[in-house]
Amino acid sequence: MLDVALASLIEDMIDKAGAEGVVEFWQRVGDNLASRMGKEGYVGWTSFNVAVREGRTAFSIEGEVTPLTDMAITDVDGDIVGYLYAMRQCCYIPTIVRTRYSVGQMSPADTAVAEEYNATTHDIAVCNFCVFHDRFREEIAKNVTVSGNTLQCYLLATKGWRGDTKISSNNLGKINIDEGHVRALLRNYECVYALVMRGAHLKGEL
Amino acid sequence: MADGRMPDSNPFVEVATHLFLEDLAAKVGVAGLNNYLVGLAKHLAVSMPEEEYADWPELLAALREGQSILATFEDVRPVTDRCMATARSPFERGWREYAKRVGAFSRVHREAAELYNAKVRRTAVTSLHIVLHTFRDAASARIRVGGKGIRTEPLATVWVDGERSFPPPEQLAPLLERAGISKTKLGMLLRNHAEVWILEPA
């Protein structure tokens, strides 16, 4: 029931600290949770992707994550430095459904926080929870090493409860992935992100 | 959802909410968190539709089928006309995920419960019980049976790790009488239930 009550919590927070205050609060919570998840190391991408598939990584706390191993990210030398990952279901959807069947409908506070985040930080949120786990993933990526390299996470695309989509052209540009490819993934997935070795020299970079 | 019951939440959202509350406690203290949780539970109950039932058996049937506001987050099993038992804590999945992925539950959740037990009534093991018990109180106030109000009272709480919380002995005996069960029966229920509580006309 905490998840349904969360909407009330957000409403109250907006009254006290404004939508921008809630965004800061969620980001701090993302930092805190990530800092408590501990460090992980993998010998290479194969072992990391198996761990993701088996739900053994810190990223797996969000739910079932699919490594899209046909969508590798390569550096200037053609070496694989990352992959795309996707979730079939946004982790907040069950809460939205539960709210629908208990309270009646989602609080407008949910949209208010997402809009604030989109306007000020990163135009990618389709609900207030995106604010938290965009930051959470960025932080836990720093605690995961693949072949000795820490990771960097780029949230690429999200699909909301009502079918609305957000695609981060900024992040797509950084990893040199075509928007059409990511848009096609949104037919089947609701959250798509990339994990890339930090400091990798990607194709297309100057 | 096939049987009309609520779908499960994603425990990650609950883990995040726990962290949210911990961050809040760091800002406003344990007493502030306590007040916040009480307000949160009341607000949640008030945001849900009111209910009316012709008589007590109709209410009990709604509870069994998960159709009442009181059965929204709990799988309620009426033991007698007045004694209700909840099989699994609605917070169990979130707590298990927290323990598995994050580690030991933050001490602040126990501290909030201790404050609540000292100031309100001795039935909470963690902060989450403040939400559940306050929600039940506020939700029962939204139900009319035969045109009259009803109320709830916690009898015993067992947390996921087995820790129990009861009212003091001098308060427990009259509560058991109102519930229509013996102390032995209560002990039996607590083996495999998370909550035992009273539901009665106001």
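The values are calculated or read from the model by the stated rules, or taken from the named source; none is laboratory data. On a predicted model such as this, the values are computed, not experimentally measured, just so you know. Here the Cβ is made from the backbone with ideal geometry for all residues, glycine too, and neighbour counts use every protein chain on show.
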- Item | Where A:Val50 falls short, out of the listed (1) in contact (Cβ under 8 Å) with a residue 40 or more places away in the chain; (2) β-branched (Val, Ile, Thr); (3) more than 17 Å from A:Cys153 (Cβ to Cβ); (4) surrounded by fewer than 18 Cβ atoms within 10 Å (Cβ to Cβ) | (1)
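Filter the range A:159-206 for residues that are among the polar types (S, T, N, Q) and closer than 14 Å to A:Asp134 by Cβ; which is surrounded by the fewest Cβ atoms within 10 Å (Cβ to Cβ)?
Residues of the range A:159-206 that are among the polar types (S, T, N, Q), as a first pass: A:165, A:168-171, A:176, A:188.
From what's left, closer than 14 Å to A:Asp134 by Cβ: A:168, A:170-171.
Details: A:Ser168: 21, A:Asn170: 12, A:Asn171: 19.
Filtering the range A:159-206 for residues that are among the polar types (S, T, N, Q) and closer than 14 Å to A:Asp134 by Cβ, the one surrounded by the fewest Cβ atoms within 10 Å (Cβ to Cβ) comes out as A:Asn170.
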- Can you spot a residue in the range A:22-31 that is away from every other protein chain (no Cβ under 11 Å), in contact (Cβ under 8 Å) with a residue 24 or more places away in the chain and part of a helix (DSSP H, G or I)? yes
- Residue set B:Pro168, B:Pro201; condition surrounded by fewer than 17 Cβ atoms within 10 Å (Cβ to Cβ), under 30 Å from B:Glu22 (Cβ atoms) and touching a residue at least 40 places away in the same chain (Cβ under 8 Å); output residue B:Pro168
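Answer with yes or no whether B:Thr152 is away from every other protein chain (no Cβ under 14 Å), assigned to a loop (DSSP other than H, G, I, E, B) and among the polar types (S, T, N, Q). If you could, list the steps in order and put the result at the bottom.
Working: away from every other protein chain (no Cβ under 14 Å): yes; assigned to a loop (DSSP other than H, G, I, E, B): no; among the polar types (S, T, N, Q): yes.
No: the conditions fail for B:Thr152.
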- Query: Which of the residues spanning the range B:111-127 are within 14 Å of chain A (Cβ to nearest Cβ) and free of Cβ contacts under 8 Å to residues at least 60 places away in the same chain?
  - Reply: B:Thr126
- In the list A:Ala86, A:Ala34, which residue meets the criterion of being of a type in the set (A, V, I, L, M), buried (at least 17 other Cβ atoms within 10 Å of the Cβ) and modelled with pLDDT of 95 or more? A:Ala86
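Against the definition (touching a residue at least 40 places away in the same chain (Cβ under 8 Å) and either outside any loop (DSSP other than H, G, I, E, B) or touching a strand residue (DSSP E or B) at 6+ places or on another chain (Cβ under 6 Å) (or both)), how does A:Val126 come out, yes or no?
For A:Val126, the condition - touching a residue at least 40 places away in the same chain (Cβ under 8 Å) and either outside any loop (DSSP other than H, G, I, E, B) or touching a strand residue (DSSP E or B) at 6+ places or on another chain (Cβ under 6 Å) (or both) - is met.
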- Consider only pairs whose beta carbons are under 6 Å apart and that are at least six residues apart or on different chains; among these, list those whose first residue lies in the range B:15-30 and is over 11 Å from A:Arg28 (Cα atoms) and whose second residue is acidic (Asp, Glu). B:Val15/B:Glu97; B:Val30/B:Glu111
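Consider B:Ile181 carefully, then state whether it is surrounded by 17 or more Cβ atoms within 10 Å (Cβ to Cβ), assigned to a strand (DSSP E or B) and modelled with pLDDT of 95 or more. Full working, then the answer.
On the way: surrounded by 17 or more Cβ atoms within 10 Å (Cβ to Cβ): yes; assigned to a strand (DSSP E or B): no; modelled with pLDDT of 95 or more: yes.
The answer is no for B:Ile181.
Can you find even one residue in the range B:173-192 that is of a type outside the set (Lys, Arg), touching a helix residue (DSSP H, G or I) at 6+ places or on another chain (Cβ under 9 Å) and free of Cβ contacts under 8 Å to residues at least 12 places away in the same chain?
Just the residues of the range B:173-192 that are of a type outside the set (Lys, Arg), to begin with: B:173-177, B:179-182, B:184, B:186-190, B:192.
Filter once more, so that each one left must be touching a helix residue (DSSP H, G or I) at 6+ places or on another chain (Cβ under 9 Å): B:173, B:176, B:179, B:181-182, B:186.
Okay, now just the ones that are also free of Cβ contacts under 8 Å to residues at least 12 places away in the same chain, so B:173, B:182.
Yes - at least one qualifying residue is present in the range B:173-192.
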- Task: Of all residues in the range A:105-135, count the ones that are away from chain B (no Cβ under 12 Å) and either farther than 23 Å from B:Pro11 by Cβ or of a type in the set (Ser, Thr, Tyr) (or both).
- Result: 13
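Could you count how many residues in the range A:136-188 are on the phi > 0 side of the Ramachandran plot and either among the hydroxyl-bearing types (Ser, Thr, Tyr) or in contact with a Gly (Cβ under 6 Å, 6 or more places away or on another chain) (or both)? Give the steps one after another, and end with the answer.
As a first pass, look at the range A:136-188 and keep what is on the phi > 0 side of the Ramachandran plot: A:147-148, A:163, A:176.
In the following step, the residues that additionally are either among the hydroxyl-bearing types (Ser, Thr, Tyr) or in contact with a Gly (Cβ under 6 Å, 6 or more places away or on another chain) (or both) were identified as A:147, A:176.
Residues flagged as on the phi > 0 side of the Ramachandran plot and either among the hydroxyl-bearing types (Ser, Thr, Tyr) or in contact with a Gly (Cβ under 6 Å, 6 or more places away or on another chain) (or both) within the range A:136-188 amount to 2.
Kindly provide the set of residues from the range B:189-198 that are surrounded by fewer than 13 Cβ atoms within 10 Å (Cβ to Cβ) and part of a helix (DSSP H, G or I), ordered by number.
Hit for the range B:189-198 is B:Arg191, nothing else.
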- Item | Matching residues in the range A:26-47 - criterion: being hydrophobic (A, V, I, L, M, F, W, C) and either closer than 15 Å to A:Lys142 by Cβ or touching a Cys at 6+ places or on another chain (Cβ under 6 Å) (or both) | A:Leu33, A:Ala34, A:Met37
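How about the range B:1-110: which strands (runs of 3 or more DSSP E) wholly inside it have at least 3 residues that are modelled with pLDDT of 90 or more, more than 10 Å from every other protein chain (Cβ to nearest Cβ) and surrounded by fewer than 22 Cβ atoms within 10 Å (Cβ to Cβ)?
Values: elements: B:51-53, B:76-78, B:83-86.
Fully inside the range B:1-110 and qualifying: B:51-53.
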- Qualifying residue in the range B:43-66 (condition: among the charged types (D, E, K, R) and in contact with a helix residue (DSSP H, G or I) (Cβ under 7 Å, 6 or more places away or on another chain)): yes
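Being polar (S, T, N, Q) and in a strand (DSSP E or B): is that true of B:Thr157 here? Full working, then the answer.
Working: polar (S, T, N, Q): yes; in a strand (DSSP E or B): yes.
So B:Thr157 fits the description; yes.
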- Which one is farthest from B:Phe20 (Cα to Cα) among residues in the range A:118-161 that are in contact with a Cys (Cβ under 8 Å, 6 or more places away or on another chain) and of a type in the set (Lys, Arg)? A:Lys159
- Query: Going through the range A:129-158 one residue at a time, which ones are among the β-branched types (Val, Ile, Thr) and either part of a helix (DSSP H, G or I) or surrounded by 19 or more Cβ atoms within 10 Å (Cβ to Cβ) (or both)?
  - Reply: A:Val131, A:Ile140, A:Val144, A:Val146, A:Thr158
